[in-house]
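The values are calculated or read from the model by the stated rules, or taken from the named source; none is laboratory data. The shown structure was predicted, so the numbers you read here are calculated from the model rather than taken from an experiment. Note: ideal-geometry Cβ built from the backbone for every residue, glycine included; neighbour counts use all protein chains shown. The accessibility values were calculated without ligands, DNA or RNA, using every heavy atom of the protein model including side chains. Shrake-Rupley method; radii C 1.70, N 1.55, O 1.52, S 1.80 Å.
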Amino acid sequence: MAKLAVVIGAKETGSKPLIAAEALKKAAEAAGASLSIETRTPNGVTTPLDDATIAAADAVLLVGDVADDARFAGKTIRKVTLDAALADPAGAVAAAPSAARLIVGITSCPTGIAHTFMAAEGVEQGAKALGYAAKIETQGSVGAQNTLTAEEIAAAELVIIAADTNVDLSRFAGKRVYSTGTKGAIANGKALVEKAIAEATVQGGSAAGGKRDLAAEVAAEKAARAAQRSGPYKHLMTGVSYMLPFVVAGGLLIALAFAMGGIYVFDDAHAGTLGQALFNIGKQAFSLMVPFLAGFIAYSIADRPGIAPGAVGGVIAGAIGAGFLGGIVAGFLAGYVVLYLNRYIRLGRNLDGLKPVLILPLLGTTIVGLLMVYVIGEPVAAALTWLTDFLKGMQGANAIALGAIIGLMMAFDMGGPVNKAAYTFATGLIASQLYEPMAAAMVAGMTPPLGLALATKLFANRFSSDEHEAGNAAAVLGIAFITEGAIPFAAKDPFRVIPALMAGSAVAGMISMAVGAELRVPHGGVFVLPIPNAVSHLAGYIVALIAGTIVTAALLRILKKPIAV
């Protein structure tokens, strides 16, 4: 948005200056410009422009009888008469020199210390030399600084990415983007900007038109939900997302080891066998689950300096038996400790590079480690032991009730905070060798899209033509355990669809817990079912999946009204 400093002068008293000011304000608002107006009349000066306002102005517009003013030295000035401003205020605003064209960008290097900031300075100076304004976000070792806003990105003519690391470009969809390394920006920023202006290409955005793409809708919804996450929920989900690959890999390797060598594959009788080797690899993968959970919770809060204190806290949590609960506590503790230290430790520009690689990891790890060992660790370990014993002792009606609760939570918001709370709870219990809740969570998460897909085939008159087509994609998403495949249907008719989904998922979760099904991996859908020992009581588990799907479809038939043809 252009910022204009305006001075209106009149040698005679009257209403013309006031009317001109209001007219110019309206014209500027329509043109997307910002005005600061000083009025001079024989009665004195009204709303004088201060030094900060003049310094921030992109140009100066002098209206009427205004003498040259030393305050505006170095500014681009345009003069118009008072009558001209009254006759054509929009023209007067348009005649004022516009704001400098804007270039935005990101710089980053692997260490995130010197080159990141040198490259940013090079791009800024190069843009200035060519008559552009520039704002460069630095993604350094202490996190993103000088962060670009959505408004700045929208206003920019060009985006320059001068980075030696991977940078997420999703924010720049539809903008002209030029990507390069930091070397060119440091060596000759002006030449780099010139090359960027000539060679930048439009960053791809979402395609428009065509048939309804349920997978694209689901991806967009997941991205939107991720963007809306904030606070502790966002940090926890970040940690869980980095933890999951270790749980999946470890669980499947242990399942394969049991298939090859039996349930005692870990004993001395199987030493040197492939089965025991796979078991040991899977066990080591599992051992990284809690450290990565804690490390990346801390990373979400405090950026890279938080990873080491969080991961070390996670290792300590695993060693003292605090498990995933201890990892969560350690992650949040490390993140906020490092964030506090980074905010209040001031070393000056020359020494700030020591903070992310030396001072913050050292102090953060020391503080978190001592608190975990002497203060927090043991109480959390005791809480986890109590929870584990309580869940292991759940039999009969209690276990079925737990399955119903997990099922209801999984279907309630289909990938939202309630769904993720149930999923995270079940996933974390895998580290404590409790596999039944995970089985209930996955089967309950599969039935919503599968039930909808079945309903679109059996009860076609309850759904639109678009929904019939989307039902095919929902079936694929359902068998892959992507609960979000049900979101577009639920968003269109929530008060009928969501209760049906929750009922079906509750039935699936109840049957899964009743038959004692165990799932050793936290994801995969039907694709993990053929893997030996990945799922116990497989026949009963399949019955749970089918029953939940049928209940969902049947309730949709009852609750949804036929669509008029």
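Data table
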item	result
The lone exception for Ile563 - which of (1) surrounded by fewer than 17 Cβ atoms within 10 Å (Cβ to Cβ); (2) within 19 Å of Ala255 (Cβ to Cβ) it fails	(2)
Some residue of segment 385-401 being under 20 Å from Pro232 (Cα atoms), of a type in the set (A, V, I, L, M) and open to solvent by 20 Å² or more (accessible area, probe 1.4 Å)	no
Boolean, Ala200 is closer than 14 Å to Gly105 by Cα, crowded, with 16+ Cβ neighbours inside 10 Å and at pLDDT 60 or above	yes
Some residue of segment 282-294 being among the β-branched types (Val, Ile, Thr), more than 14 Å from Ile376 (Cα to Cα) and open to solvent by less than 20 Å² (accessible area, probe 1.4 Å)	yes
Residues that are without any contact (Cβ under 8 Å) to a residue 12 or more places away in the chain, in a helix (DSSP H, G or I) and under 29 Å from the mean Cα position of the chain (by Cα), drawn from segment 412-462	Val418
Among the residues listed as Leu501, Leu477, Leu555, the single one being in the same structural domain as Ala431 (by the TED database), under 30 Å from Gly282 (Cβ atoms), among the hydrophobic types (A, V, I, L, M, F, W, C) and in contact (Cβ under 8 Å) with a residue 40 or more places away in the chain	Leu477
Ala517 being open to solvent by less than 20 Å² (accessible area, probe 1.4 Å), in contact with a Phe, Trp or Tyr (Cβ under 8 Å, 6 or more places away or on another chain) and either over 30 Å from Leu434 (Cα atoms) or of a type in the set (A, V, I, L, M, F, W, C) (or both)	yes
Residues satisfying the stated conditions in segment 319-328, i.e. surrounded by fewer than 24 Cβ atoms within 10 Å (Cβ to Cβ) and without any contact (Cβ under 8 Å) to a residue 60 or more places away in the chain	Ala319
Filter result for the condition that a residue is touching a Gly at 6+ places or on another chain (Cβ under 6 Å), open to solvent by less than 30 Å² (accessible area, probe 1.4 Å) and not aromatic (Phe, Trp, Tyr), over Gly451, Gly415	Gly451
Every residue from segment 454-500 that is farther than 30 Å from Pro530 by Cα, modelled with pLDDT of 85 or more and open to solvent by 30 Å² or more (accessible area, probe 1.4 Å)	Phe459, Ala460, Asn461, Pro494, Phe495, Arg496, Ile498, Pro499
Strands (runs of 3 or more DSSP E) enclosed by segment 1-83 - at least 2 residues per element that are open to solvent by 20 Å² or more (accessible area, probe 1.4 Å)	34-41, 44-46, 77-80
Cβ pairs under 8 Å, 6+ apart, first in segment 158-187 and at negative phi and open to solvent by less than 20 Å² (accessible area, probe 1.4 Å), second among the aromatic types (Phe, Trp, Tyr) and at pLDDT 85 or above	Leu158/Tyr178; Val159/Phe172; Val159/Tyr178; Ile160/Tyr178; Ile161/Tyr178
Segment 360-370: number of residues that are surrounded by fewer than 19 Cβ atoms within 10 Å (Cβ to Cβ) and either modelled with pLDDT under 90 or touching a Gly at 6+ places or on another chain (Cβ under 8 Å) (or both)	1
Criterion (over 21 Å from Asp303 (Cβ atoms) and either at pLDDT below 80 or not hydroxyl-bearing (Ser, Thr, Tyr) (or both)) met by exactly one of Val80, Val104	Val80
Qualifying position, being surrounded by 15 or more Cβ atoms within 10 Å (Cβ to Cβ) and assigned by the TED database to the domain that holds Ala330, among Val357, Val380	Val357
Some residue of segment 477-498 being more than 28 Å from the chain's Cα centre (by Cα) and in a helix (DSSP H, G or I)	yes
